[in-house]
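Notes follow the structure.
The values are calculated or read from the model by the stated rules, or taken from the named source; none is laboratory data. Remember, predicted model here, so these are calculated numbers, not experimental data. Methodologically, a virtual Cβ is constructed for each residue, glycine included, from the backbone with ideal geometry; neighbour enumeration extends over all protein chains shown. All accessible areas refer to the heavy atoms of the entire protein, side chains included, with ligands and DNA or RNA removed. Shrake-Rupley method; radii C 1.70, N 1.55, O 1.52, S 1.80 Å.
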Amino acid sequence: MSFIVVSPLSRIAEMAVRHKARDMISLIAKDQAFHRPGVIAPDRHLKLSMNDIAFKGTGSLLAPDETHVQAIIEFAASWRKETPLLIHCWMGVSRSPAAALIAALSIAPDQDEEGLARRLRAASPFATPNARLIEIGDTSLGRGGRLVAAVRAIGRGADADGNAPFLLAIGDAVCG
């Protein structure tokens, strides 16, 4: 079964090595400096600059938008699935879980949104997917509000300290 590793920034190198990830999506503030793990080739690293906000950005805050979601969808389509996809943000709680749901539905569109959201909650009691990314992803993937409803149904995650990476199974639709 293919899976996505969701991680806080502080543990990306460890998670990349432990799970043999070769593809990575970073959802991080514009000026946030970090080092890409050496096992991830530059051409297999998608860096998306955005803040973890659920409203249209103001001032120096950059909100997630349609171009970010489209980039996630396109990168997920190019993922070879021989090794897991690593997705991270600052804490691994909001932006990266949202991106993981979007990526999973984009490559395995026949899966049920409620089942996927429940797998997310089972994998992480802390995940609270970014509402703006989820809304845009729902629209971009033509889910008719079902992804938004599924994420609302699992509710807000427990308070987190940003040190709880987890694995999200995509489902049988992508096995092979």
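Summary table
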item	result
Inter-label distance, nm, simple model (7 Å from Cα along the C-beta direction), residue 49/residue 33	1.5 nm
Region 99-176 - percent of accessible surface contributed by carbon and sulfur, probe 1.4 Å	49 percent
Percent accessible area from carbon and sulfur atoms, region 1-47, protein chains only, probe 1.4 Å	53 percent
Computed helical MRE - 222 nm, the chain, DSSP H runs ≥ 4 contributing -39500 (n - 2.57), nearest 500	-11000 deg cm²/dmol
Mean separation of Cα contacts under 8 Å, 6 or more apart, over the residue count of region 8-78: relative contact order %	26 percent
Accessible area expressed per residue, region 1-122, with surrounding protein chains retained (probe 1.4 Å, Å²)	45 Å²
